[in-house]
Each structure stands twice: as structure tokens, then as C-alpha cells.
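Comments concern the structure below.
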Amino acid sequence: MSTADLHTLTGAYAAHALDPDEREDFERHLEHCQACSLEVAEFTATLARLGAAEAVPVPGELKHRVMAALETVRQQPPHGAQPTVAGHRARLRRAWPRFALAACLAVAVGAGGLAVQQHRQADESRARATALQQQQDHITGLLTAPDARTTSSRIPGGDGVATVVWSSSRSEAGFLASGMPPLPEGTTYELWFDDSGTMRPAGLMPATSGALLLSGPVNGARGVGVTVEPAGGSAHPTRTPLVVLPFS
């Protein structure tokens, strides 16, 4: 596959739509192409935003409907039985409700995940989705700012790519990541503004991929660092930064 072809795969890669060979070729290309690294991070952030926008609460009575429908589904014939054509057609007609049920469940999963939640949990999910959408709106505004600039780097210990985008006129910065290494239980990625060697807390990365608007103004910081900290974060870095992305 040519380099020109690889440049067109950023969206498919972010959506996990490449076959294994294409993914392997693209990840080798990604190691040396900052433009594609940034575009993958932007696609990842956009997909997260679209997912949050499309999520809807699952009806509370869905579980009861599913359990009731299971009583009407007939078992498969004994293993090794040779069905007749008429028998095959009859079973297909009987199986149709099960196929329809499976399709309904697939739609439910795609729309918002198959889960039966209490009212309080549903409210919390909607609040998280709203907060995520608001943050993605901030990231989008930051990326489109006239003076927006970016710096990208690979994360040691894996195939992850991190990008920081900042705007001096807005005094804001955002962090976009794709494929950062999974962390041990009880730890989290914490971001820091590098104020001439003094690290200022800038937020916690809730996942190994996604986008985060950094908390606090840029205020002349030299860059953004990433450390691994105990769950909940730290007031000061407890470990050497994995990477520091400079504002330059």
C-alpha cells in the first residue's frame, strides 16, 4: 500500500474499521507521520462526541419484554437430525420472532447500550453525556481557533499517540490521545502544565483514548506533561513524566 493510500485511512483507523493487515501497515506509518497522528486524534474525539449525542436511555421495561419473549422461543432440534424442506421452513417461521428480537436488541445496544438502570443511574449517564458533549464542543472550538497550534508525540511503552493543541488567544489547551497503554488498577493518567519546570495539575485522562480540555489557563506554560498517578490524581507528580509535549 502506498503512502498516499495510507494517508486516507485515518478515519477508518479511528473507527476500528481496518482489517489486521491494513491496521499493521497504518500503525507503522503512524509512527512517522504527525499529520496523520493529529487527524486520528481528531477523528477519535469526533466519534466520542457523536456517540454521546446519539446515546438514549434504554426503556426500563426492556428486560421484562426480553424475558417474556424467551418463553416463546423453541429449542433447536436434536444434534444430527436431518430436517425436511417443510420442516426447515416451519422452523424458519418459528425462529423469525427470535431473529426480530435479536435485531431489536442490536438496535438497543447501538442506540445506548443494553442495560437496565435505575432512575438515578440514568440521570447520571445523561449528565456524563452532556458533560462529554460540552467538552467536545470546547475541543472543536479550540481546534478551529485561528491561532491553534499542535504538537504530537508517541507514548513510550506502546503504540499510543498523544497530541496537545493550544491557543494563546483563548489561553486554553486540549489533550488528544489514541491507544495509550492500559494502566494497572488503581492508577490513572494525569496531565500537567509545565510552568518552567514546575508542574501544575491540568486534569485526569478518563480513558486510554479520547480528548480532554485541560483545566486552567495556559498562562505562559512551556508545554504539557503526562504522568501515571494513583486513582484520583495527585497534587504534584509522583513519577517522571512519560512525555512532555512542548508549546513550540
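For the range 220-245, what are the residues that are assigned to a strand (DSSP E or B) and either surrounded by 14 or more Cβ atoms within 10 Å (Cβ to Cβ) or not assigned by TED's automatic domain parsing to the domain that holds GLU172 (or both)? Let's see the steps before the verdict.
So the first thing to find is which residues in the range 220-245 are assigned to a strand (DSSP E or B), and the list is 223-230, 243-245.
Hits for the range 220-245 are GLY223, VAL224, GLY225, VAL226, THR227, VAL228, GLU229, VAL243, VAL244, LEU245.
Among the candidates ASP147, ASP159, ASP194, single out the residue that is surrounded by fewer than 19 Cβ atoms within 10 Å (Cβ to Cβ), touching a strand residue (DSSP E or B) at 6+ places or on another chain (Cβ under 6 Å) and under 21 Å from LEU38 (Cβ atoms).
Only one candidate passes the filter, namely ASP147.
Which residue out of VAL244, VAL226 is within 16 Å of MET180 (Cβ to Cβ) and touching a Leu at 6+ places or on another chain (Cβ under 7 Å)?
Only one candidate qualifies: VAL226.
Considering the range 190-248 alone, what residues qualify as being free of Cβ contacts under 8 Å to residues at least 24 places away in the same chain and farther than 20 Å from SER153 by Cβ?
Listed by number, the residues that qualify are THR198, PRO206, SER215, GLY216, THR238.
Conditions tested, residue by residue: (1) at pLDDT 90 or above; (2) of a type in the set (A, V, I, L, M); (3) in the same structural domain as ARG154 (by TED's automatic domain parsing).
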site	(1), (2), (3)
SER169	yes, no, yes
MET180	no, yes, yes
GLU185	yes, no, yes
PHE193	yes, no, yes
ARG200	yes, no, yes
PRO206	no, no, yes
GLY210	no, no, yes
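Can you name the strands (runs of 3 or more DSSP E) wholly within the range 144-197 that have at least 3 residues being among the aromatic types (Phe, Trp, Tyr) and closer than 17 Å to THR227 by Cα?
Here the list reads 187-195.
Picking from ARG239, ARG149, ARG222, ARG154, which residue would you name as being among the basic types (Lys, Arg) and in contact with a Pro (Cβ under 9 Å, 6 or more places away or on another chain)?
Criteria check complete, one pass: ARG222.
Given (1) within 21 Å of SER153 (Cβ to Cβ); (2) surrounded by fewer than 14 Cβ atoms within 10 Å (Cβ to Cβ); (3) modelled with pLDDT of 80 or more, where does PRO20 come up short, assuming only one miss?
(1)
Would you check if there is a residue in the range 206-219 being buried (at least 16 other Cβ atoms within 10 Å of the Cβ), of a type in the set (S, T, N, Q) and part of a loop (DSSP other than H, G, I, E, B)?
yes
Residues checked against (1) within 15 Å of LEU183 (Cβ to Cβ); (2) touching a helix residue (DSSP H, G or I) at 6+ places or on another chain (Cβ under 9 Å); (3) not aliphatic (A, V, I, L, M):
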| residue | (1), (2), (3) |
| --- | --- |
| SER209 | yes, yes, yes |
| LEU213 | no, yes, no |
| ARG222 | no, no, yes |
| SER234 | yes, no, yes |
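The values are calculated or read from the model by the stated rules, or taken from the named source; none is laboratory data. Owing to the predicted nature of the structure, the values given are computational and were not obtained by experimental measurement. In this analysis, Cβ positions are derived from the backbone assuming ideal geometry, glycine residues included, and neighbour counts consider all displayed protein chains.
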